[in-house]
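To start, the structure itself, in structure tokens.
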Amino acid sequence: MAKVCHTTEEHSRGQRSLPPLQFDAPLSFGAILHDSRSKHGEGVQFVVFSRNATGMRVLLYDQSDDRDPMQVISFEPKHDRFGDVWSIFVPGLKHGQLYHFQADGPFNASGGHLFDPTARLIDPYSKALAGHFLKHNDGIIRPPKSVVVDDTFDWNGDRHLRHGLADTVIYEMHIKGFTADPSSGVEYPGTYLGVIEKIPYLKSLGITAVELMPIHEFPQESFSGKHRQHENYWGYDPLAFFAPHQGYAVSKQPAAQVSEFKEMVRALHTAGIEVILDVVLNHTAEGNAEGPTLSMKGLENSVYYMLDKDSGTYRNYTGCGNTINANHPVVRELIVLCLRYWVYTYHIDGFRFDLASILSRDQNGDLLKSSPIIEAITEDPLLADTKIIAEAWDAAGAYQVGTFATLRWAEWNGRYRDDVRRYWRGDANQTGNLATRLAGSSDLYAGERRQPYHSINFITSHDGFTLNDLVCYEHKHNEANTENNNDGDNNNFSCNYGVEGPTDNEAIELVRSKQIRNMLSTLLLSQGVPMLLAGDECRRTQKGNNNAYCQDNEISWFDWKLTIDHADLVQFTSSLIYHRLSNPTLRRRTFLKGGSSTNGTVPDVEWFSSDGTHVDWFSGDFSLACFFGAPTPKVLIDEDNPKAGGLAGTPQHVLIFCNAGTEKREFLFPSSPLLQEMQWKVCVDTSQLPSLRRSHQPSGFDPSRPIILAERSLLCLLAPGSRRPAKRLDS
């Protein structure tokens, strides 16, 4: 073989620095921007799908509040239609151009066709929307306009962070609500840029990812053009899957939300925080037959939505009037391209799929064992580094927690939420359920080669009580929603401990403070991936409202004064996160096998009763002791799934004592010489306020003395594990 020699000049060329990464691969549909280097020259290629349309037009506007287009360009079917794809190039158009589509075709509701030649339609592939709903004198509603977007952005070398899922601590938050309250003190409240101003707080808290409630475009006002006081604050009502919400931008220039959202992602990544999007790919704002024609209805209703074959009525598995026909090949392509677009163009790190069980339904609404769209997302090579999380249920009764898809998918663990709430409330016979949740929910996820990190553990989320309200209210108080308090879930597993709502009773407040700390401790000491609701670390309240979907006001907004009033709780939460991320014992990559320390070896998990003996699962007791043995370096990696990441930190043994009873309980230290010889220190003691030392250094503990654990309290001890440090892997 000939020897290849490289000159110094060649070597230096090979080592030159690369330009910042740009994800500018064009979509196959929508408004595709061409510059002067294109074979067509400068302009825009409009590409839209419609199988049954007989005519297609693109309407061009100068301003977002224009009621009528300045130009209408018709597609010529003989030259501008390729199969079911309509495509036309319009020279001279640039970034910021506003447009609608308009389609002719049959109107036959029972046949599934709702073409309306007067309807102005949002491009399903819109990269941004501009303006508001406009009502004409004839009563016809005009939706916001689609915007031609140049995706070029200087990312300054930004890359996806690729934190291992098992090393993730998720913080669920609402973009506007996080800084909208005047107490936030930011220059740009309620916006993407406002979030940037609060990154130091997120960094100090220690979370590794934000999960953003829907940011894809949704209506800011009613379809009559008036502001909606009681609708859609959460954003689960999409208009355009590819477009970031314009209402969260500071600038009102068309497409400003595109660059401002990217600025936020770039700044979060610089701080080491990943961005996960809550995506609503299961329905749209067009609603049922009574809803307006805004986009998909007027382009190919029978393809984009699930319809009854005989009547043409909308199948409603979402509770929102319509259901996206996700397993139709055309719609499946749209969904996959949408996910790719957010990953490439916006550097998004993962997705949480709202009502994900709908993705398991075929075009007739039947649940599939092997769903084509789920398989497409699972196997897509360009999504391989993203976190994929399912809300594994829908509004029509499907509940797939523990059975959704494969090891590629993690799940919101609703069972975890309910079992932890019930245990700490003091419900009978919950000790075994608590143990299962602490250990990573193997009853749900041990099949299909799944592991503890496939369980997204949470006690509260946007949907339901906040953590503060969980311990202050026994009943929902949704009167502000103007639905006679009939909306929202009645099964909250909550307790007010004597008074409904706020109280000056110190004894009740002490119990509530302990219970909040008990549940936060349980969440962050459990195997699996913890998700914290924004504001739970400082007792944010919604005044008992457990369905604040329509409350764009102080009910939903983050009150930043609480971070001062409850600074000790913020510090408590931050310290818990620190201990979790510095101790790989709490972030196992594989399920625990159990064992007994009495034979001289350290098991990965062991359970004890309050008398120090192995636990009797049928005793009906409210007390439990849990030992997590520190892993050795050779088991710090899930070899079946390297993308889970390597375990960082120094392993420590963990011993947790829980007492959910209303009386104090004496615990004898576990009757294991091996455990008794370990050098234990107190890490968490919720019976003491503040219950976790401000320093990250635990205090000493004497295992020879009985432990008197106060009513409704948790004690966590740590002891050194292997002296050999864990190897940190890039993940």
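Rounded to 0.05, the FRET efficiency of the residue 663 and residue 443 pair, given R0 = 30 Å and the Cβ-Cβ distance, is 0.50. For the stretch 49-56, 3J(HN,Hα) computed residue by residue from phi via the Karplus equation (6.51, -1.76, 1.60; θ = phi - 60°) reads 8, 7, 7, 10, 5, 9, x, 9 Hz, glycine and proline entered as x. Segment residue 54..residue 367, full-extension length gain: 109.3 nm, with 0.36 nm per residue of separation and the alpha-carbon distance subtracted. With neighbours defined as other Cβ atoms within 10 Å of a residue's Cβ, the residues 598, 563 order from fewest to most as 598, 563.
Once Rg and the Kirkwood radius are both taken over the C-alpha atoms of the chain, their ratio Rg/Rh works out to 1.00. Where Lys and Arg each count +1 and Asp and Glu each count -1, what net charge lies around residue 419 among other residues with Cβ under 11 Å from its Cβ? Once all neighbours under 11 Å are counted, the net charge is +3. A cut-off under 10 angstrom between Cβ atoms defines the neighbours of residue 371, and their net charge, with Lys, Arg +1 and Asp, Glu -1, is +1. The protection proxy used here, the mean number of other Cβ atoms lying within 10 Å of each residue, ranks peptides 71-83, 331-343 as follows, highest first: 331-343, 71-83. Take 48-59, 430-441 and order them by the average number of nearby Cβ atoms within 10 Å per residue, most first; the result is 430-441, 48-59.
Close amide H contacts of residue 545 (hydrogens built in the peptide plane, cut-off under 5 Å, sequence separation of 5 or more or a different chain): 477. Evaluating 6.51 cos²θ - 1.76 cosθ + 1.60 at θ = phi - 60° for every residue in the stretch 101-116, the Karplus couplings come out as 9, 8, 10, 8, x, x, 10, 8, 4, 5, x, x, 9, 10, 5, 9 Hz, glycine and proline recorded as x.
Ordered by the count of other Cβ atoms within 10 Å of each Cβ, fewest first, 522, 293, 613 give 613, 293, 522. Evaluating 6.51 cos²θ - 1.76 cosθ + 1.60 at θ = phi - 60° for every residue in the stretch 362-379, the Karplus couplings come out as 7, 5, 9, x, 7, 6, 9, 6, 10, 8, x, 6, 5, 5, 5, 5, 4, 9 Hz, glycine and proline recorded as x. Using a cutoff of 8 angstrom between alpha carbon atoms and counting only pairs six or more residues apart, the relative contact order for the chain works out to 10 percent. Need one word for the stretch 30-147: rounded, prolate or oblate. Basis is the Cα gyration tensor (sqrt eigenvalues a ≥ b ≥ c); a/c below 1.5 gives rounded, then a/b vs b/c decides. Note, shape of the stretch 30-147 comes out oblate.
A cut-off of 5 Å between modelled amide H atoms, ignoring neighbours fewer than 5 places along the same chain, links residue 113 with 108.
Placing a pseudo-label 7 Å from each Cα along the Cα-to-Cβ vector at residue 379 and residue 78 gives an inter-label distance of 4.3 nm. Per-residue packing, averaged as other Cβ atoms within 10 Å, sorts the ranges 271-284, 366-379 into the order 271-284, 366-379, beginning with the highest. Other residues within the sphere of radius under 12 Å centred on the Cβ of residue 655, judged by their own Cβ, net out at 0 (K and R +1, D and E -1).
Taking the DSSP beta bridges with both ends in the chain, the antiparallel portion is around 75 percent.
Each value in this text was obtained by applying a stated rule to the coordinates, not by laboratory testing. Everything quoted here is computed from the prediction, not taken from an experiment. Reconstructed Cβ throughout: ideal geometry from the backbone, glycine too, with neighbour counts over all protein chains shown.
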